[in-house]
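Any read-out appearing in this document is the output of simple, stated calculations on the displayed coordinates, not a laboratory observation. These numbers were taken from a predicted model, which means no experiment stands behind them. Here the Cβ is made from the backbone with ideal geometry for all residues, glycine too, and neighbour counts use every protein chain on show.
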Amino acid sequence: MLRAINNIRRKLYIGSLIESDPVFLYAEKLTKLEEKKTILRTDVLNYLLSQQKKAAPIYLEIGVRNPNENFNKIICTTKYSVDPGIEYKPNPVDFKMTSDEFFLKLKEGKILNPDIKFNIVFIDGLHTAEQVEKDVENALTFLAEDGYLVLHDCNPPTEYHAREDHSFNLSPARNNWNGSVWKTFYKLRLNPEISCCCIDSDWGVGVISKKKHFDHLKENFNPYFEYRIFNNRRKDSLNLIDFEEFKKIIRE
């Protein structure tokens, strides 16, 4: 009994130390600022769909979880969803599988049509740089020439939000997790065959195009993906812009 009481006291003491730690407080402040931003990924996706010249655009979402959060709000007649159902057990999606499985079966002609071209592909699956890069490479193969590839969580406010392990919650970012998506996006900024920008809202909504000119990153100033360098040159790293500026570029 005494041991249990002492354990509770110890946890409360550690909790009080964490709550007053300046690093935790700063991360909490940045988290709240991000949560107050009003433009969401859904707004960006629906705007891009509204600008498509094709009469019946095709939308694909990788990493859905609860479809009420985004997928069901997407205004598009033909849309497909992919998720293995790890984070949301009901998993009411079209293809209950990983993105790797989905793209492999698509290439083999076992689902949909191997010649299909998606106008908008939204990637919000596993937030590790390695998996995001795979998803991007696969999605670009099936992206229409004038289509857009959209990534979520490209702009982590602190290095704790950018941790690689989501399960570690005893951090200044709490349960918020952007993963290492920013590393993939930074790498993509160096690819001369595509063009990228990131909308400064909703944890960073990255947009990739094979046709639209968003500006390229001409110098690799962060070859080892150091978060400190990324943070000091965040705007250049992501080509960070606001939504109004983004819409102006798309209209042009």
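Here are the numbers for the structure shown:
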{"read-out": "Among beta bridges that DSSP assigns inside the chain, antiparallel share in %, nearest 5", "value": "35"}
{"read-out": "Helix 41-50 axis, angle to the chain major axis (alpha carbon atoms, nearest 10°)", "value": "10"}
{"read-out": "Angle between the chain longest axis and helix 2-20 axis [Cα atoms, degrees, rounded to 10]", "value": "60"}
{"read-out": "Residue among LEU48, TYR148, THR98 farthest towards the positive dipole end of the stretch 29-150, charges placed on Cβ", "value": "LEU48"}
{"read-out": "Karplus (6.51, -1.76, 1.60) ³J(HN,Hα), θ = phi - 60°, over the stretch 117-126, in Hz, Gly and Pro reported as x", "value": "10, 8, 7, 9, 10, 10, 10, 8, x, 5"}
{"read-out": "Degrees separating the helix 22-35 axis from the principal Cα axis of the chain, which is the longest one", "value": "30"}
{"read-out": "Within the chain: Cβ-based charge dipole about Cα centre, in debye rounded to nearest 20 (Lys, Arg +1; Asp, Glu -1)", "value": "400"}
{"read-out": "Top of PRO156, PRO22, PRO84 by mean-square fluctuation, Gaussian network on the chain, Cα under 10 Å", "value": "PRO22"}
{"read-out": "Dipole magnitude (debye, nearest 20) for the stretch 84-197, charges at Cβ of Lys, Arg, Asp, Glu", "value": "200"}
{"read-out": "P(r) tail fraction, the chain - alpha-carbon pairs more than 27 Å apart, %", "value": "39"}
{"read-out": "Given 12 as the ceiling on other Cβ atoms within 10 Å, longest exposed-site-free region of the chain for trypsin sites (Lys or Arg not before Pro) in DSSP loops", "value": "111-210"}
